[in-house]
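See structure below.
Nothing in this text is a laboratory measurement; each read-out follows from the coordinates by a stated rule. Please read all numbers here as calculations on a predicted model, not as lab measurements. So basically every Cβ, Gly included, is an ideal-geometry build from the backbone, and we count neighbours across all protein chains shown.
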Amino acid sequence: MYYSHMVSYDLIHFLFFQMVAIQANLPLSARVEMWAMDLVDALEADYKRQYPNSSDPVRFSIESGRKYWKIMQNHGGVHAFIDKNTGEVYKPASWRGPAKGVRYDLRIINQRETCLMNADWAGGYLYMR
């Protein structure tokens, strides 16, 4: 029994490092798209954590624009903009464009982790402090 747990742990460890190696070989634009999807997952998880019994959970999606990934709240508005080339996250100023001032830079691991940990479905984490 102990041995089977060790094998599965080693397999998980191996797969994790394979995934990290694959991500490192992807172009930045593809990694930014993956990080945008991670943000969508974090936003939906935050809503489910706050409202576990909701019959109509808030959903988010990603729309591709010329320069930005637009994080959309379905049946709502724009939640955030992410620069496709740099991975910089912006609070929306309007439906069409971001506000001035980068909120997070997803290329920087520490900022990416902070962004995903603080992400709340209502967007409070995007205000400058």
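List TRP69, TRP95, TRP35 from most exposed to least, where exposure is judged by having the fewest other Cβ atoms within 10 Å. Display every interim value, and only then the final one.
Details: TRP69 24, TRP95 9, TRP35 21.
By the 10 Å Cβ count, ascending: TRP95, TRP35, TRP69.
For LYS84, go through the lysines and keep the ones whose alpha-carbon is under 24 Å away, minus same-chain ones fewer than eight residues off.
LYS67, LYS70, LYS100
How big is Rg to Rh over region 28-126, alpha-carbon atoms, Rh as the Kirkwood inverse-mean-distance radius? Show your work: numbers first, answer last.
On the way: Rg = 12.7 Å, Rh = 13.4 Å.
Reported Rg/Rh, Kirkwood definition of Rh: 0.95.
If you rank ASP41, ASP83, ASP56 by fewest surrounding Cβ atoms within 10 Å, what's the result?
Starting with the residue having the fewest Cβ neighbours, the order is ASP56, ASP41, ASP83.
Sequence gap at least 6, Cα distance under 8 Å: using those rules, report the relative contact order of region 28-126 to the nearest whole percent. Don't skip to the answer; put the middle values down first.
On the way: 158 pairs, mean separation 24.3, N = 99.
It rounds to 24 percent for region 28-126.
Just rank MET117, MET37, fewest to most, by other beta-carbon atoms within 10 angstrom.
Least crowded to most crowded, the residues run MET117, MET37.
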